[in-house]
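For reference, the structure is listed below as structure tokens.
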Protein chains: 2
Amino acid sequence: MTETAQTEQFDVATYMQTLGRQARVAARALSRAETGARNTALHAIADAILASREVLKSENRKDMDAGRKHGLDAALLDRLELTDARIDAMAEGLHQVAALPDPVGAISDLDYRPSGIQVGRMRVPLGVIGIIYESRPNVTADAAALCLKAGNACILRGGSEALHANQAIARCIEQGLEKAGLPVTAVQVVATTDRAAVGELLRLEGSVDVIVPRGGKGLIERVMQESRIPVIKHLHGVCHTYIDDQADIDKAVKVAFNAKTQRYGTCNTMETLLVADGIAGRVLPVLGKMYQDEGVELRGCEKTCQILPGIKPATEADWDEEYLAPVLSIRVVHDMDAAMDHIDRYGSQHTDVIVTENVTRARRFLREVDSSSVMVNASSRFADGFEYGLGAEIGISTDKLHARGPVGLEGLTTLKFIVLGDGHIRT
Amino acid sequence: MTETAQTEQFDVATYMQTLGRQARVAARALSRAETGARNTALHAIADAILASREVLKSENRKDMDAGRKHGLDAALLDRLELTDARIDAMAEGLHQVAALPDPVGAISDLDYRPSGIQVGRMRVPLGVIGIIYESRPNVTADAAALCLKAGNACILRGGSEALHANQAIARCIEQGLEKAGLPVTAVQVVATTDRAAVGELLRLEGSVDVIVPRGGKGLIERVMQESRIPVIKHLHGVCHTYIDDQADIDKAVKVAFNAKTQRYGTCNTMETLLVADGIAGRVLPVLGKMYQDEGVELRGCEKTCQILPGIKPATEADWDEEYLAPVLSIRVVHDMDAAMDHIDRYGSQHTDVIVTENVTRARRFLREVDSSSVMVNASSRFADGFEYGLGAEIGISTDKLHARGPVGLEGLTTLKFIVLGDGHIRT
């Protein structure tokens with residue numbers, strides 16, 4: 001591939017179409033491959049990554065040097081770097097995915113029907129998955145592992161700033177596939193930095209079954225605009241915690257503090273705190289001080305500003321904002337219904353939490369809040385594939401169709417119907 | 001609505017946006033409505049339909065008269081007609097949907113995680129469903145019933161040729177909703193024949209969660225082109241039956257005859273028969289005569305034409321064709337692998353069948369054929385929501401994401417994660 005990508009008359013459309021055709025062929029072989037072969041490949045890729053440690057680091061240094069030259073900021077350079085610990089983690093992640101139960105081929109609900117036929121469902125791979133991601137080269141190994149385990153071929157388009165490391169990881173993946181007797185085109189890492197490659201990938205509707213964009217809003221919006229292929233996407237996370245007037249104050253303080261401050265840049269971090277009028281005077285002074293000691297900027301509604309004098313007033317725009325930063329908007333609401341109205345209007349259907357001791361309210365909140373994760377008395381930071389026991393995640397979906405919330409192996413498969421008869425006909 | 005639709009400065013965009021906003025509000029109420037309320041509405045709609053029998057018939061006569069005047073063909077006029085039997089069937093269908101188990105709110109897989117939280121999934125409505133369909137007015141009641149049962153609001157856009165009957169059915173639906181204390185805007189039947197209404201519906205991405213087009217290829221392709229909203233669609237059904245050389249000949253003849261002739265115009269009807277070389281000489285003469293006696297035109301590959309002299313040779317285009325008519329293409333293939341290659345190349349991933357007594361081949365065919373229904377020793381005509389025990393179906397999906405194959409109540413819902421804790425935080 002690297003060779004093709006570097007010829008002088010390089011045609012990105014032809015190149016991507018070739019990847020698409022090869023992926024389609026590989027997908028068919030992969031869907032037939034036994035569990036053992038796919039697991040062997042995953043272990044062998046892990047071995048190859050550890051054996052190529054020095055190559056990975058030297059290729060990564062080329063990316064880092066180029067990144068510094070192009071003035072990438074410190075945060076981006078940090079995400080780009082392949083340290084020894086990160087190389088170990090990649091290998092470990094591959095072994096972990098190999099250890100997960102195989103979703104492919106599982107048959108469920110196989111029942112006899114009145115006509116005499118048996119009808120059931122079989123879990124099968126989606127086919128070919130296109131993944132578009134940015135900077136962190138370890139995503140190349142993680143994404144390949146999940147696709148492979150679920151029996152899918154994949155085309156991976158990483159950030160151009162990580163080209164050298166990604167290509168070095170691609171060689172390790174090829175070695176592992178070869179060792180397991182699987183087609184090396186089962187995982188293809190796009191070998192050009194030509195930005196047109198993304199557009200071409202989005203047009204491969206005959207070859208690619210689903211696109212997973214992992215990146216910032218700009219990328220996701222571009223993919224939504226351009227793609228004719230179904231997309232599993234994560235748009236944004238405006239997550240709420242509602243502290244009910246029947247909340248246990250200690251739990252409320254613990255959960256609301258953790259939901260904001262455990263990590264700022266993640267999509268399941270709380271961005272707006274809603275507090276019932278009847279408890280605001282008792283809970284906000286405690287929480288407000290804790291946030292301020294932690295360096296969190298608070299922006300409050302009128303009532304909040306009365307309870308916490310000196311903080312910045314929130315504007316209408318604050319309720320829509322995904323800060324991804326040490327900033328929190330706070331609103332005092334009349335009751336749970338007002339909280340649910342606020343979430344319905346401003347939320348992004350990602351993760352929303354109620355803190356209450358009242359079981360009737362907990363039951364209503366769980367049923368009525370239309371978000372991919374709805375929680376009672378727990379931090380929104382738990383919305384994560386590992387925490388949910390999915391083993392690993394390819395992303396968190398804010399879509400409603402197909403996969404909702406953290407997407408693990410199951411989200412990379414689909415169900416087909418199987419029918420068994422003995423010469424049965426319809427009358 | 002009728003009033004709005006008939007004002008002089010009628011603006012279809014504003015009208016459709018109003019329907020969208022109203023549906024969104026109704027969806028929230030509906031998602032909270034108890035099982036009993038939704039079932040009460042379904043029974044009450046059935047009662048209203050039976051009580052309005054004469055109105056429905058006289059409104060339908062207006063459509064029929066207009067249809068005759070506009071030169072609709074006999075088949076279309078037949079589909080358009082509301083007979084007493086069809087009115088009874090509509091009411092009966094509503095009672096049947098009411099009797100189905102309620103999918104909404106069902107919690108599954110609620111397990112404790114090592115962190116101490118409980119994580120499970122709750123089945124919830126999709127929200128607002130837009131359905132676009134043609135001619136048959138009974139679809140109005142059927143589609144409304146399924147959406148309502150699954151807790152969704154819907155916007156129904158029927159064929160303009162059925163406007164009067166559809167509006168009369170809409171009045172019955174409103175009566176039923178009112179009786180159950182549910183918002184009458186939970187089911188809105190578009191009251192204008194303006195063709196721009198479809199385009200406007202496809203643009204309501206803020207209000208509509210999924211579009212279900214039920215109609216011919218032209219409609220589906222238009223929807224795929226224009227819609228920014230996810231679509232559950234049925235594209236086409238090029239279904240195959242493969243008769244293996246280890247097939248039981250009696251079963252093969254029975255299944256292959258039924259798959260073609262039980263009904264010609266349905267998507268699960270066989271369009272291409274594949275026969276293993278080793279059995280073709282014994283099975284094709286019997287089957288060929290049966291098809292010809294039934295008036296089915298046969299188009300064969302070279303070998304088929306040798307076995308059945310006088311039939312028309314098949315061209316390359318025949319293998320791609322969904323005849324929906326008494327026409328069948330027949331190809332003799334070397335073995336099951338060749339049959340699966342043919343299906344992979346020409347099939348539409350709808351329903352494909354193997355007839356064999358060999359369990360190893362059956363097992364491989366089930367696993368490796370990538371279609372929404374894969375069958376062993378049964379007629380492809382079984383690919384149907386009722387036959388599969390789904391209770392009813394809104395259509396058959398040839399997509400891979402979300403719903404694949406017959407789409408029943410489950411396909412009109414989605415799963416969200418629920419998390420229960422006791423002040424748990426992430427560390």
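The values are calculated or read from the model by the stated rules, or taken from the named source; none is laboratory data. Just so it is clear, the model here is predicted, and its values are computed rather than measured. Because the Cβ atoms are built from the backbone with ideal geometry, glycine has one as well, and the counts that use them run over all protein chains shown. These accessible areas exclude ligands, DNA and RNA; they are computed on the full protein's heavy atoms, side chains included. Shrake-Rupley method; radii C 1.70, N 1.55, O 1.52, S 1.80 Å.
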TODO: Using the 2.2 N^0.38 Å rule of thumb for compact globular proteins, work out how the protein assembly as shown stacks up: its C-alpha Rg over that value, please.
DONE: 1.01
TODO: Two decimals is fine: what is log10 I(q)/I(0) at q = 0.11, 0.21, 0.22 Å⁻¹ for region A:182-285, from a Debye sum with one equal scatterer on every Cα and no solvent?
DONE: -0.57, -1.07, -1.13
- [ ] Hey, for a label at residue B:110 modelled as a point 7 Å past Cα toward Cβ, could you say which residues of region A:358-389 have their backbone N under 14 Å away?
- [x] A:359-368, A:374-377
- [ ] Could you work out which residue, out of B:412, B:76, B:401, moves most in a Gaussian network model of chain B, that is, has the largest mean-square fluctuation with Cα springs under 10 Å?
- [x] B:401
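Could you work out the relative contact order of region B:1-139, using alpha carbon pairs under 8 angstrom and six or more residues apart, expressed as a whole percent?
Over region B:1-139, the number comes to 26 percent.
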- [ ] At 7 Å along the Cα-to-beta-carbon direction for both residue B:92 and residue A:292, put a label point, then send me their distance in nm to one decimal.
- [x] 7.3
Open item on the list: With a 1.4 Å probe and all protein chains kept in place, how do A:69, B:57, B:303 rank by accessible area, largest first?
Closed with: A:69, B:303, B:57
TODO: Report the closest approach of any chain A C-beta to the axis of the A-to-B rotation: residue and distance, in whole angstrom.
DONE: A:402, 2
TODO: Give me the angle, in degrees from 0 to 90, between the Cα long axis of helix B:359-368 and the longest principal axis of the Cα atoms of chain B, rounded to the nearest 10.
DONE: 50
Task: Kirkwood Rh, angstrom, region A:1-121 [1 / mean 1/r, Cα pairs] - done: 18.9
Open item on the list: Give me P(r) over region A:85-240, computed from all C-alpha to C-alpha distances, binned every 5 Å, as integer percentages.
Closed with: 2, 8, 16, 19, 18, 14, 10, 6, 4, 2, 1, 0
Open item on the list: Can you work out the Karplus-derived ³J(HN,Hα) for every residue in region A:263-271? Use 6.51 cos²θ - 1.76 cosθ + 1.60 with θ = phi - 60°, whole Hz, and x for glycine or proline.
Closed with: 7, 8, x, 9, 6, 9, 6, 5, 10
Task: Cα coordinate range in region A:318-376, projected on the principal axes (Å, largest first) - done: 33, 25, 20
- [ ] Could you check the simple spin-label distance between residue B:69 and residue B:337, using points 7 Å along Cα→Cβ, in nm with one decimal?
- [x] 6.5
TODO: Take chain B, connect every pair of alpha-carbon atoms lying under 10 Å apart with a spring to form a Gaussian network, then pick out the residue of B:42, B:100, B:82 with the largest mean-square fluctuation.
DONE: B:100
Task: Accessible area that becomes buried as B packs against A, both chains, 1.4 Å probe, Å², nearest 100 - done: 6500
- [ ] Only Lys, Arg, Asp and Glu count, each charged at its Cβ (+1, +1, -1, -1), so figure out the dipole size of region A:239-387 about its Cα centre, rounded to 20 debye.
- [x] 360
Open item on the list: Based on alpha-carbon centroids, what's the gap between region A:247-282 and region B:58-128 in Å, whole number please?
Closed with: 42
Open item on the list: Restricting to Cα atoms and excluding each atom paired with itself, what does the Kirkwood estimate give for chain B in Å?
Closed with: 23.6
Open item on the list: Given an 8 Å cut-off on Cα distances and at least 6 residues of separation, report the relative contact order of chain B as a percent.
Closed with: 18
Open item on the list: Every cysteine in chain A with no other Cys Cβ under 4.7 Å from its Cβ, please list them in numeric order.
Closed with: A:172, A:239, A:267, A:301, A:305
Open item on the list: Can you give me the C-alpha center-to-center distance between region A:160-239 and region A:332-362, rounded to a whole angstrom?
Closed with: 37
Task: Set of lysines with alpha-carbon distance to residue B:416 below 26 Å, sequence-local pairs under 8 removed - done: A:149, A:217, A:233, A:251, A:254, A:260, A:400, A:416, B:149, B:233, B:400
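In whole percent, how big is the carbon plus sulfur part of the accessible area of the protein assembly as shown, probe 1.4 Å, protein atoms only?
Here it works out to 49 percent.
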TODO: Take every Cα pair under 8 Å in region B:210-251 that's 6+ residues apart, average their separations, divide by the length, and report that relative contact order as a whole percent.
DONE: 40
Task: region B:305-420 pair-distance distribution - Cα-Cα, 5 Å bins, rounded % - done: 2, 9, 15, 19, 18, 15, 10, 5, 3, 2, 1, 1, 0, 0, 0
Task: Tensor-based shape of region A:239-387 (alpha-carbon gyration tensor, a/c under 1.5 rounded, otherwise prolate or oblate) - done: rounded
Task: Selection from B:151, B:165, B:115, by position along the positive dipole direction of region B:105-189 (Cβ) - done: B:115
Open item on the list: Can you say what percent of the DSSP beta bridges in the protein assembly as shown, counting only those with both residues inside, are antiparallel? Round to 5.
Closed with: 25
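About the Cα centre of chain A, what is the dipole size in debye to 20, counting +1 per Lys and Arg Cβ and -1 per Asp and Glu Cβ, all else neutral? Write down the numbers at each step before the final one.
Values: 48 positive and 58 negative charges, 178 e Å.
Dipole of chain A, to the nearest 20 debye: 860 debye.
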- [ ] Using a 1.4 Å probe and counting only protein heavy atoms, arrange A:164, B:234, B:350, B:70 so the residue with the most accessible area comes first.
- [x] B:70, A:164, B:234, B:350
Open item on the list: Which one, A:313, A:230, A:114, has the greatest fluctuation when you compute a Gaussian network model over chain A with C-alpha springs under 10 angstrom?
Closed with: A:114
